[in-house]
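Novice: Have a look at the structure that comes next, please.
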Amino acid sequence: MWLYTSCDLTFDITIPTHFVLMLRPRSGAQQWVAREEYRLVPSVPAFEFTDGYGNLCQRLTVSPGHFALYTAAEVMTVDYMDRAPGAPFVDIQNLPDAVLCYLLPSRYCESDRFGQMAASITAGRWAGYDQVAAIEAWLRATIRYTPGYSDIPLSAVEINARQAGVCRDLAHFGIALCRSLCIPARMVVGYLEGLEPMDLHAWFEAYVGGRWYTFDPTQAELRGGYVAIGYGRDAADVAVYNQFGPPAYPLTQKVCVRRM
């Protein structure tokens, strides 16, 4: 399917502020970016680089005053996300080097704290994809998905205690449970067609059967309409913007996803 995506942000800047932005989707196996628009108002010099996870990022310094960022893209994405029941666990010694970092505990995914829980949730499942599917189903049934519940990233330990969270929080918990079983897992941030309420979205991927597969415990069933912007170990790696200096929170944030 063809999707139009956009994310518009406005800020009121009080002192010269350096930003690192991550709002450009890249073409890949499950999406093709046909056209993009990226406007900064007022226009300031921006320098693009690729971070350690393959995400397109932009560096810029903004002067005091009103600052707006307008992004849009036309993306061809898959109608259905791949499922692969029975896809096997990949032995650690056979993982690609670039995947190894997704096995380790990270700031919001304390995978070293969930070994017994993960083993209990996945008891009787084949090692690999079926274990991750069991984790996804357990999260969907157990942790209450509540948009707007938290405005700062929460860790898997915190979400386990609260039993509720936003999409980012459920992804953190899923990632931690997967990694505790030695299954590489990473966070994805991007867009989802039909999301209610509409906003940027987060889900996770797990590496089984020799490739990455998508899992989303916030949705009743996995469907098409996902557009990925960034990948990382957890929310600390996939912020759509980081600013350095006194906090500059968006005055407005408008996200749109629609079929073309």
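The values are calculated or read from the model by the stated rules, or taken from the named source; none is laboratory data. Please read these numbers as outputs of a predicted model, since none were measured by experiment. Glycine also receives a Cβ, built like all others from the backbone with ideal geometry; neighbour counts cover every protein chain displayed.
Novice: Restricting attention to region 1-35, and to residues there that are touching a residue at least 12 places away in the same chain (Cβ under 8 Å) and out of contact with any strand residue (DSSP E or B) (no Cβ under 7 Å at 6 or more places or on another chain), which single residue is nearest to T214 (Cα to Cα)?
Specialist: Taking the candidates together, the pick is G28.
Novice: Taking T50 and the conditions (1) surrounded by fewer than 15 Cβ atoms within 10 Å (Cβ to Cβ); (2) over 22 Å from Y102 (Cα atoms), which numbered condition does it fall short on, given that it satisfies the others?
Specialist: (2)
Novice: Taking E36 as the residue in question, decide whether it is in contact with a Pro (Cβ under 9 Å, 6 or more places away or on another chain) and surrounded by 12 or more Cβ atoms within 10 Å (Cβ to Cβ).
Specialist: So E36 passes the test.
Novice: Can you confirm whether region 120-129 contains a residue that is under 16 Å from R186 (Cα atoms) and either at pLDDT 95 or above or in the same structural domain as R223 (by TED's automatic domain parsing) (or both)?
Specialist: Going through region 120-129, the residues under 16 Å from R186 (Cα atoms) turn out to be 128-129.
With either at pLDDT 95 or above or in the same structural domain as R223 (by TED's automatic domain parsing) (or both) added as a condition, the list becomes 128-129.
Yes: region 120-129 contains one or more residues that are under 16 Å from R186 (Cα atoms) and either at pLDDT 95 or above or in the same structural domain as R223 (by TED's automatic domain parsing) (or both).
Novice: If you don't mind, another one. From the list L200, L222, L195, exactly one residue is closer than 21 Å to A87 by Cα, touching a strand residue (DSSP E or B) at 6+ places or on another chain (Cβ under 7 Å) and surrounded by fewer than 22 Cβ atoms within 10 Å (Cβ to Cβ). Which is it?
Specialist: Numbers: L200 fails: closer than 21 Å to A87 by Cα; L195 fails: closer than 21 Å to A87 by Cα.
When all the criteria are applied, what remains is L222.
Novice: Still on this model: For A185, state whether it is in contact with a Ser or Thr (Cβ under 6 Å, 6 or more places away or on another chain) and in contact (Cβ under 8 Å) with a residue 24 or more places away in the chain.
Specialist: Values: in contact with a Ser or Thr (Cβ under 6 Å, 6 or more places away or on another chain): no; in contact (Cβ under 8 Å) with a residue 24 or more places away in the chain: yes.
Considered against the rule, which asks whether it is in contact with a Ser or Thr (Cβ under 6 Å, 6 or more places away or on another chain) and in contact (Cβ under 8 Å) with a residue 24 or more places away in the chain, A185 comes out as no.
Novice: Pick out the one residue from T14, T10 that is modelled with pLDDT of 95 or more and either closer than 20 Å to V189 by Cβ or not basic (K, R) (or both).
Specialist: T10
Novice: Scan the strands (runs of 3 or more DSSP E) fully inside region 36-121 and keep the ones with 2 or more residues being touching a residue at least 40 places away in the same chain (Cβ under 8 Å).
Specialist: Details: elements: 46-50, 56-62, 65-77.
By residue number, 56-62, 65-77.
Novice: Separate question: Scanning region 96-155 for residues that are more than 26 Å from D237 (Cα to Cα) and not hydrophobic (A, V, I, L, M, F, W, C), which turns out farthest from the chain's Cα centre (by Cα)?
Specialist: G124
Novice: How many residues does region 1-35 contain that are closer than 18 Å to A73 by Cα and not in a loop (DSSP other than H, G, I, E, B)?
Specialist: Of the residues in region 1-35, 18 are closer than 18 Å to A73 by Cα and not in a loop (DSSP other than H, G, I, E, B).
Novice: Out of all the residues in region 133-161, which are within 22 Å of T214 (Cα to Cα) and in a loop (DSSP other than H, G, I, E, B)?
Specialist: Within region 133-161, I143, T146, P147, P153, L154, S155 meet the criteria.
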